[in-house]
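Colleague: One structure, pasted below without further comment.
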């Protein structure tokens, strides 16, 4: 499926965004964080992601401290994270937060983050 425009948010709506992404290219990960979150992620360049409600976020970094996991301090949902790949800023979007997308119905690639 080609890139498509989506809207999404945390549960309370304090953090909302628009993103252009291909949700046929998602991953699930078994690292200690993703496993607990039940996250289904898609990765996009920062230019494909735009905050439309920029409420406060709380940052969490773990393991190698290279990914900035951003979550809402009110409802606790993590709608996105930021990191770098090949010197470019990328966004890891939690597909569970996209409007009109059933993330559990997607055929996601499983990544073994627990062994990394």
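Colleague: Is it true that residue 52 is surrounded by fewer than 15 Cβ atoms within 10 Å (Cβ to Cβ), in a strand (DSSP E or B), touching a residue at least 24 places away in the same chain (Cβ under 8 Å) and touching a helix residue (DSSP H, G or I) at 6+ places or on another chain (Cβ under 9 Å)?
Modeller: Details: surrounded by fewer than 15 Cβ atoms within 10 Å (Cβ to Cβ): yes; in a strand (DSSP E or B): yes; touching a residue at least 24 places away in the same chain (Cβ under 8 Å): yes; touching a helix residue (DSSP H, G or I) at 6+ places or on another chain (Cβ under 9 Å): no.
No, not satisfied.
Colleague: Follow-up. Report yes if residue 47 is more than 20 Å from residue 106 (Cα to Cα) and touching a residue at least 24 places away in the same chain (Cβ under 8 Å), otherwise no.
Modeller: Details: more than 20 Å from residue 106 (Cα to Cα): yes; touching a residue at least 24 places away in the same chain (Cβ under 8 Å): no.
The answer is no for residue 47.
Colleague: Which one of the conditions (1) under 11 Å from the mean Cα position of the chain (by Cα); (2) under 22 Å from residue 115 (Cβ atoms); (3) crowded, with 20+ Cβ neighbours inside 10 Å does residue 19 fail to meet, given that it meets all the rest?
Modeller: With (1) under 11 Å from the mean Cα position of the chain (by Cα); (2) under 22 Å from residue 115 (Cβ atoms); (3) crowded, with 20+ Cβ neighbours inside 10 Å applied to residue 19, the lone miss is (2).
Colleague: Select from the range 77-105 the residues that are in contact with a strand residue (DSSP E or B) (Cβ under 9 Å, 6 or more places away or on another chain) and part of a loop (DSSP other than H, G, I, E, B) and list them in ascending order.
Modeller: 77, 78, 79, 99, 100, 101
Colleague: Regarding the range 31-39, can at least one residue be identified that is surrounded by fewer than 18 Cβ atoms within 10 Å (Cβ to Cβ) and under 15 Å from residue 90 (Cα atoms)?
Modeller: no
Colleague: To continue, here is another question. Of all residues in the range 59-79, which are over 12 Å from residue 37 (Cβ atoms) and either crowded, with 16+ Cβ neighbours inside 10 Å or at pLDDT 90 or above (or both)?
Modeller: Residues satisfying the conditions are 67, 68, 70, 72, 73, 74, 75.
Colleague: Would you say residue 47 is over 23 Å from residue 3 (Cβ atoms), part of a helix (DSSP H, G or I) and either at pLDDT 95 or above or in contact with a helix residue (DSSP H, G or I) (Cβ under 8 Å, 6 or more places away or on another chain) (or both)?
Modeller: Values: over 23 Å from residue 3 (Cβ atoms): no; part of a helix (DSSP H, G or I): yes; either at pLDDT 95 or above or in contact with a helix residue (DSSP H, G or I) (Cβ under 8 Å, 6 or more places away or on another chain) (or both): yes.
Taking the combined requirement at face value, the residue does not satisfy it.
The values are calculated or read from the model by the stated rules, or taken from the named source; none is laboratory data. Source: prediction; values computed, not measured. FYI the Cβ positions are ideal-geometry reconstructions off the backbone, even for glycines, and counts take in every protein chain you see.
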